[in-house]
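Working notes, structure below.
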Amino acid sequence: AKRIVIKIGTSSLLYQNTSQLNLRAIERLAFVLSDLKNQGKEVVLVSSGAIGVGMGKLGLTKRPETIPAQQAVASVGQGELLGIYEREFQNYGKSVAQMLLTRDVLVYPQSKKNVFNAFQELLKLNVIPIVNENDTVSVDELDHKTKFGDNDQLSAVVADLINADLLIMLSDIDGFYSSNPLTDPNAELYHTVTSIDSSIIQSAGGRGTKFGTGGMVTKLKAAKRILSNNQKMVLANGENPRIIYNILAGEPVGTLFE
Ligand code: ADP
């Protein structure tokens with residue numbers, strides 16, 4: 001795989017049930033992605049975590065309830081988060097770019113073309129684009145009713161748009177199980193999933209943590225898009241981002257959707 005999209009979830013970026021950043025995870029992620037750049041790969045990072053970081057910055061212990069309040073906290077956190085990435089990647093001499101997108105970019109031909117061109121140019125410049133949903137314009141990522149975690153789906157949209165060879169989704173769980181392992185001790189890990197139907201979506205429970213977002217449902221929706229485009233996705237545990245090396249070496253870690 002040469003062109004890789006990596007999505008990292010809130011649950012891998014923050015210590016569990018807190019708004020405290022897991023700096024070790026971020027440092028390791030920056031190391032691995034920079035190292036991949038040195039190997040000649042093209043890397044795009046889709047990062048959640050803006051609300052958590054914003055909450056930490058503003059000293060809030062509870063996720064705000066209204067969507068406008070979440071948008072506000074997300075905008076505070078987004079700048080802070082990008083600053084952290086900027087510094088971490090700087091350690092390895094890499095430049096990052098902030099790309100705030102909405103999931104509907106593919107729907108409008110002109111937006112699609114503009115976003116595609118911007119990605120191409122950034123990759124040509126050897127920059128690592130860091131993508132997040134633009135929470136000021138779109139509340140897909142925030143709205144409780146439409147389900148959380150549209151960065152999952154956004155990452156599939158990005159993989160589609162730039163025709164990525166692989167989407168790696170890093171979460172706080174080893175992969176996709178027959179049921180939620182947090183509540184079902186008999187849950188079994190699926191190593192490979194080749195199609196997604198409604199019965200599979202049934203086995204995806206709700207979100208895991210109060211700071212995490214989508215749970216499995218949005219990850220499966222992302223996988224569905226990937227499969228329908230004949231692309232590949234691996235869902236794996238992001239606790240140690242070095243797992244990306246194992247994934248790229250074709251080792252059987254996590255769940256492969258292909
Ligand atoms: P992220 O912040 O990485 O996007 P989420 O917390 O939104 O992660 O989603 C991951 C959580 O989904 C897991 O911690 C787990 O509790 C939950 N989950 C629900 N159903 C399943 C399932 N069938 N297999 C794996 N995890 C599941």
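The values are calculated or read from the model by the stated rules, or taken from the named source; none is laboratory data. Just so it is clear, the model here is predicted, and its values are computed rather than measured. Glycine gets a Cβ as well: all are built from the backbone with ideal geometry, and neighbour counts include every protein chain shown. With ligands, DNA and RNA removed, areas are computed over all heavy atoms of the protein, side chains included. Shrake-Rupley method; radii C 1.70, N 1.55, O 1.52, S 1.80 Å.
Per-residue ellipticity at 222 nm computed for the chain from its helices equals -12500 deg cm²/dmol, with DSSP H segments shorter than 4 residues left out and the rest contributing -39,500 (n - 2.57). Assuming R0 = 41 Å, can you tell me the calculated FRET efficiency for the pair residue 126 and residue 228, based on Cβ-Cβ distance, to the nearest 0.05? It comes to 0.85. The mean sequence distance of close C-alpha pairs (under 8 Å, at least 6 residues apart), as a share of the length of the chain, puts its relative contact order at 24 percent.
To the nearest 10, the accessible area of residue 27 is 90 Å² with a 1.4 Å probe. Surface composition of the chain: carbon and sulfur make up 48 percent of the accessible area, probe 1.4 Å. Bridges between two residues of the chain, per DSSP, are antiparallel at a rate of about 15%.
The residues 224, 62, 219, sorted by heavy-atom accessible surface at 1.4 Å with ligands and nucleic acids left out, run 62, 224, 219 from largest to smallest.
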